[in-house]
Structures are given as structure tokens and as C-alpha cells.
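The values are calculated or read from the model by the stated rules, or taken from the named source; none is laboratory data. Please read these numbers as outputs of a predicted model, since none were measured by experiment. Note: ideal-geometry Cβ built from the backbone for every residue, glycine included; neighbour counts use all protein chains shown.
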Amino acid sequence: MVGLGHRASSLSQGSRPSSKDGAKKNIWSSMLDGVASGKRLPEKNLLVLGGTPDSQREFLETLSADESDPRVLSERRKGRAPPIANQFALGYTYQDVLDADQEDILARVSIYLLSEPSSSFAPLLKPLLNPKTVPETLIVILLDWENPWLWVRQLREWIRLLRSVLISLDDETKVVMEEVMTEWRDHKRGGDPATSAGGGSGGPVTIPLGPGEWDEGLGIPLCVVCQGAEKIEKLEKEHGWREEEFDFILQFMRTILLKHGASLIYTTPFLANSLQSLIHSSLGIHSLLKRQSLKHNVIDRDKILVPSNWDSWGKIRILREGFDIEGVGTGWSIEIQDKPKPFRGLSENDDPDEGNNNQPKEEELEDGSSATLIYEQTIHDPKRDISLARSSQTDGERRIEVETKDMQSFLSDQHAVLEQLKAEDEQRDKQLRKGGLIKDQETNILIDEPSRVNEHIGPVQFNMGGIQVDADDMLRKLKEREASRTPVRKDPLPQTPTGSPGQGSGTGDGKIQNQALASFFAGLVNKKSAGSPRPGPSS
């Protein structure tokens with residue numbers, strides 16, 4: 001604008017100054033100021049606590065996805081997603097919230113990410129909270145269904161850290177925090193805008209607080225996101241969890257979050273959910289084209305949604321009887337008063353889960369009113385239970401655990417065993433065949449090989465003069481006839497002149513004839529080709 005002003009003054013040199021030049025300058029200034037103020041986007045802050053760098057990225061992807069189909073990003077977002085720096089200490093990224101037509105930008109959300117609930121990181125959070133940013137800030141705590149037995153302990157550490165940071169703020173910021181909490185509590189900013197007013201000209205309706213509601217307000221709106229709800233089915237199938245465990249978790253989380261006025265939601269990646277609507281409405285971002293409303297859901301265990309200012313003790317009791325709401329709420333108010341723990345780095349031999357799964361304190365073990373201890377006595381880590389049972393057994397006792405091998409190594413071992421058994425069977429068959437014995441495949445009984453061959457061939461028969469003759473039967477009859485002639489006759493035989501018994505010619509001829517017939521039929525049996533025998537020569 002400075003260059004344009006000099007150019008206009010140089011062109012007007014030598015002419016009479018006119019009031020129109022001053023009017024043009026004022027018009028241009030007002031137009032430029034109007035455009036600059038119109039282009040200024042509303043600034044919102046989102047403080048994401050907990051999770052890993054990967055789970056934080058998953059949360060941001062779900063938050064920026066299209067609610068109608070989270071798997072498909074808009075063409076405008078493809079290739080234009082800002083980088084995420086969340087590898088060290090306090091991370092940062094931003095997102096532009098688009099309207100329903102994916103054209104107009106409604107607000108810009110600055111997102112700060114922190115993974116470790118350590119007092120060492122408290123100085124990083126304090127500069128983010130001031131009288132200007134507190135009304136536009138939402139705190140999100142990420143939990144994962146990979147380890148639901150750590151939820152209460154993780155949530156307790158984050159609340160302790162936040163309380164230590166918020167208490168250290170200046171008085172002016174604390175006054176703004178009180179105003180924000182009053183607005184949330186009385187006007188239901190985090191819920192459905194349609195239900196926030198009493199209707200007509202009566203204005204908003206202030207509902208009195210019930211027991212356990214807003215007892216421990218932080219001064220900044222809070223939302224707890226439980227990621228990976230698809231793992232509920234795995235806990236049910238592999239570890240035997242039942243509806244009682246899932247109902248207990250939901251009742252416990254709703255009870256302690258009711259004291260902070262916080263909202264609760266279960267999310268599943270790549271499935272439509274209300275996370276975007278919940279976060280945007282909590283930040284005060286509303287579409288100009290499409291009105292969105294939040295509907296609570298406490299029935300579907302993988303799609304739980306409990307908006308702020310909706311829950312109450314009565315609604316929590318309905319879920320399952322026998323839950324001690326008063327005891328859990330009182331124990332939680334006492335536990336969050338302690339200071340956060342300092343940062344403890346993990347060594348190579350440490351389990352990543354052990355950083356959040358600190359051992360209970362001595363007062364927790366002695367006093368049964370600890371909310372964390374009550375939760376962990378009911379919701380156990382299945383892997384830890386197995387390891388404890390294994391360590392408690394002595395070496396001489398019989399263990400019920402079975403360590404499975406890799407599938408490929410197991411199959412390779414079985415293949416070697418089968419090959420060895422096959423070689424042994426072949427060697428045994430060779431030895432049996434040398435002895436004239438073979439093994440029946442069906443009955444697995446040793447039998448004589450020649451008898452098996454004869455049984456397979458069957459009886460030898462031939463046609464003699466139109467009569468079918470069985471050679472085996474004929475041989476049997478000849479042998480019987482020969483046997484019957486073998487005994488010595490009782491009649492005296494005629495004596496030779498020398499006194500020795502003589503041999504009758506008829507008897508000798510009969511034996512010769514029988515032997516000839518036996519040889520003849522035996523030759524017929526041993527012949528390879530079947531057919532009628534050729535008649536012998538006549539004597």
C-alpha cells in the first residue's frame with residue numbers, strides 16, 4: 001500500500017488537491033482491514049496425552065477422516081497432511097477443520113502431544129495454558145484396549161500431572177478456568193447444542209448437580225478416548241473375558257470421569273464413529289452447513305459414547321448391580337491428590353508396559369479403599385497371571401503350561417520322523433520277504449507268501465471229455481487211494497522157490513499206474529497255460 005500511495009501522489013502533482021484522494025485512501029484501508037480480519041481463522045488447541053507415537057497418529061487420522069467413510073480421505077486432504085513431530089518429549093502438529101462441503105475452513109486446531117506422564121514434562125505444558133488459550137483448549141487422554149488393566153493407573157498419573165500444572169498457573173488464568181468450568185457445567189457446551197437450551201425464550205436451564213458430579217473439575221474440558229475397541233473380541237475369545245468384566249470397566253471409567261465432568265468414547269480404526277463430532281463440539285467448532293448432534297451409546301460395547309454432562313450415578317447403577325460407586329469415587333478423590341512421579345527411562349531389558357504398571361504403594365496394599373487397587377483386583381493382566389503361576393511352581397511339580405513351537409519348525413520335525421519310520425518299515429519288509437513272509441496291508445498279520453499266491457490264483461481246473469475236473473481235488477483223491485494201499489495184506493502171498501514171498505504182477509502194475517496218473521495230474525497243475533490236455537499215445 002505504501003507503493004500505491006506514492007504512485008498516486010506523483011500522478012497528482014501539479015493538480016489541485018481534492019478531498020476525493022483522502023476518501024479513496026480511507027476506503028482502501030477499511031477494505032484491507034476487513035479482508036485481513038475475515039481471513040483470520042479461529043485458533044483452537046488440543047492437548048493429547050498418553051499413547052505411543054503410533055497410536056497418536058492413529059488418533060489424528062481418525063480425527064481428520066470423513067465421518068461417512070473414514071477409509072476415504074477427501075481429495076483436498078490427500079498429500080497435504082501436515083507433518084507430525086511426536087518422537088521426543090512434547091510433539092506438535094495442526095489440522096484445518098473443513099466444513100461439510102470440504103471447501104471452507106472453520107478453524108485451525110493446534111495439536112500438542114505428550115506420551116509420558118512424568119513431572120519432568122510439566123514445564124512444557126505450563127506455557128500452553130494462559131487466559132487466552134484456556135477457553136479454546138481441550139485435553140484428550142488416550143487409552144488402549146491392548147492393556148485395559150492399566151487404564152485406571154495411567155489415568156491417575158495423568159490427572160496428577162495436570163493438577164500439578166494447573167495449580168501452578170497464575171491467578172488470572174485460574175479465574176478464566178473457573179469461568180470455563182461454569183460454562184461447561186451449566187450450559188452443557190460439550191453436549192448436544194439442541195438440548196443445551198430450555199427452548200423458546202426461557203433461555204438455558206440450569207440443572208442441579210447430582211452426587212459425584214464435577215467434584216474434581218480440572219478447569220479445562222477433558223475427554224478420554226479408548227482406542228482399538230476391536231480387541232474386545234480378542235479378550236473374549238483368547239482370555240475368556242465375559243460381559244461382567246466389560247461392564248465393570250465401563251462402570252468404573254464412567255464413575256471416575258463423572259467427577260471431572262469428562263466425556264468417554266470407544267473408537268475403532270477405519271470404522272465410522274463419533275470421535276470427530278465429540279472433539280469438534282467440545283472445542284466449539286460447528287458446521288455452518290450441516291448440523292451434527294451427539295447421541296449417547298452405552299449399549300454397544302465397542303461403540304461406547306458418554307458425552308459430558310449426560311451421565312449420572314443412577315445411569316451407572318443400571319448397567320450392573322453390586323458396583324460400589326460411592327467407594328470408588330471417594331478413593332479416587334484421595335488418590336489424585338498425590339504429586340506426579342519423575343521421569344524414569346526404560347532400559348533395554350525393561351518391559352514397555354512396566355513403565356505404566358508401577359507396583360502398588362504400601363498404603364494401597366494395606367488400605368482396601370484404593371480405587372486403583374479395587375480396579376486391578378478385578379481386571380487382571382492375563383499374561384501376568386500366567387507368569388506368576390509359572391514362577392510359583394517348583395521344578396519337581398508337573399506344569400500345565402505347554403510351550404508351542406513355530407509351525408514351520410514343528411512340521412519339519414514331523415517330516416523327519418515320518419521319513420525315519422518309512423525307512424524302518426521298508427527294511428522290515430525286505431527282511432520278511434527274504435524269509436518267505438509278507439505282511440497283510442489290512443490286517444497287518446504275517447502270512448506265508450506261497451499260500452497267499454495260491455489263494456489269489458484259485459483252484460486249477462481243466463476240461464476232460466466234457467467233464468470239468470479239479471486238478472487239486474484229483475491229486476487229493478489219488479493220495480488217499482495210495483495211502484489206503486500202503487498197509488500189508490493179511491492174505492499170504494505165494495512163495496518163490498527160494499522161500500521168499502513173491503510179488504504179484506497185478507500189484508506192481510497198479511502202483512506204477514497210480515504213479516503215472518499222479519505225475520500226469522501234477523504236470524497239469526504246474527502248467528502255466530490253461531487248456532485241455534492232449535491225449536497220450538495208445539499202448
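For the range 239-258, indicate whether the set of residues that are among the small types (Gly, Ala, Ser) and within 27 Å of the chain's Cα centre (by Cα) is non-empty. The answer is yes, given that some residue of the range 239-258 is among the small types (Gly, Ala, Ser) and within 27 Å of the chain's Cα centre (by Cα).
Filtered by the rule that a residue be closer than 18 Å to Gly523 by Cα and of a type in the set (Gly, Ala, Ser), the range 466-484 gives a lone residue, Ala471. Annotation for the range 88-110: no member residue is among the aromatic types (Phe, Trp, Tyr) and under 19 Å from Leu218 (Cα atoms). Assess whether Ile105 counts as being of a type in the set (Val, Ile, Thr) and at pLDDT below 90. So Ile105 passes the test.
Among the residues of the range 314-331, the ones that are assigned to a helix (DSSP H, G or I) and out of contact with any Asp or Glu (no Cβ under 8 Å at 6 or more places or on another chain) come to 11 in all.
Here's the yes/no breakdown for (1) within 22 Å of Gly51 (Cα to Cα); (2) touching a helix residue (DSSP H, G or I) at 6+ places or on another chain (Cβ under 7 Å); (3) not in a loop (DSSP other than H, G, I, E, B):
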position: Glu244; (1), (2), (3): no, no, yes
position: Leu257; (1), (2), (3): yes, no, yes
position: Leu271; (1), (2), (3): yes, no, no
position: Leu278; (1), (2), (3): yes, no, yes
position: Ser293; (1), (2), (3): no, yes, no
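Taking Leu142 as the residue in question, decide whether it is surrounded by fewer than 19 Cβ atoms within 10 Å (Cβ to Cβ) and either in contact (Cβ under 8 Å) with a residue 60 or more places away in the chain or part of a helix (DSSP H, G or I) (or both). For Leu142, the condition - surrounded by fewer than 19 Cβ atoms within 10 Å (Cβ to Cβ) and either in contact (Cβ under 8 Å) with a residue 60 or more places away in the chain or part of a helix (DSSP H, G or I) (or both) - is not met.
Condition check: buried (at least 16 other Cβ atoms within 10 Å of the Cβ), of a type outside the set (D, E, K, R) and closer than 20 Å to Arg320 by Cα. Does Ile299 satisfy that? Taking the combined requirement at face value, the residue does not satisfy it. Contact annotation: residue pairs with Cβ atoms under 6 Å, 6 or more positions apart or on different chains, pairing a residue in the range 45-66 that is touching a residue at least 12 places away in the same chain (Cβ under 8 Å) with a partner that is aromatic (Phe, Trp, Tyr) and crowded, with 21+ Cβ neighbours inside 10 Å, are Leu49/Trp158.
So which of Ile374, Ile379, Ile400 is under 30 Å from Pro148 (Cα atoms), assigned by TED's automatic domain parsing to the domain that holds Ile336, modelled with pLDDT of 55 or more and out of contact with any Gly (no Cβ under 9 Å at 6 or more places or on another chain)?
That would be Ile379, the only listed residue that is under 30 Å from Pro148 (Cα atoms), assigned by TED's automatic domain parsing to the domain that holds Ile336, modelled with pLDDT of 55 or more and out of contact with any Gly (no Cβ under 9 Å at 6 or more places or on another chain).
Rundown of residues vs (1) closer than 30 Å to Phe121 by Cα; (2) part of a loop (DSSP other than H, G, I, E, B); (3) modelled with pLDDT of 65 or more, yes/no style:
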{"site": "Pro70", "(1), (2), (3)": "no, yes, no"}
{"site": "Arg76", "(1), (2), (3)": "no, yes, no"}
{"site": "Gly79", "(1), (2), (3)": "no, yes, no"}
{"site": "Ala89", "(1), (2), (3)": "yes, yes, yes"}
{"site": "Gln95", "(1), (2), (3)": "yes, no, yes"}
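For Leu264, the conditions (1) assigned to a helix (DSSP H, G or I); (2) buried (at least 22 other Cβ atoms within 10 Å of the Cβ) all hold with the exception of (1).
Among Ser168, Ser120, which is in contact with a Phe, Trp or Tyr (Cβ under 9 Å, 6 or more places away or on another chain) and hydroxyl-bearing (Ser, Thr, Tyr)? Talk me through it step by step, then tell me what you get.
Values: Ser168 fails: in contact with a Phe, Trp or Tyr (Cβ under 9 Å, 6 or more places away or on another chain).
Going through Ser168, Ser120 in turn, just one is in contact with a Phe, Trp or Tyr (Cβ under 9 Å, 6 or more places away or on another chain) and hydroxyl-bearing (Ser, Thr, Tyr): Ser120.
Cβ-Cβ contacts under 8 Å between residues 6 or more apart (or on different chains), taken from a first residue in the range 222-248 that is on the phi > 0 side of the Ramachandran plot and touching a residue at least 40 places away in the same chain (Cβ under 8 Å) to a second residue that is of a type in the set (A, V, I, L, M, F, W, C) and outside any helix (DSSP H, G or I), are listed as Gly228/Trp145.
Restricting the search to the range 446-468, which residues are among the hydrophobic types (A, V, I, L, M, F, W, C) and at pLDDT below 75?
At the first step, the residues of the range 446-468 found to be among the hydrophobic types (A, V, I, L, M, F, W, C) are 446-447, 453, 457, 460, 462, 464, 467.
Once the filter is applied, which keeps residues that are among the hydrophobic types (A, V, I, L, M, F, W, C) and at pLDDT below 75, the range 446-468 yields Leu446, Ile447, Val453, Ile457, Val460, Phe462, Met464.
In the range 48-62, the residue that is nearest to Ser274 (Cα to Cα) out of those that are crowded, with 22+ Cβ neighbours inside 10 Å and among the aliphatic types (A, V, I, L, M) is Val48. Tally time: how many residues in the range 280-306 are among the charged types (D, E, K, R) and modelled with pLDDT under 80? Qualifying residue count for the region: 2.
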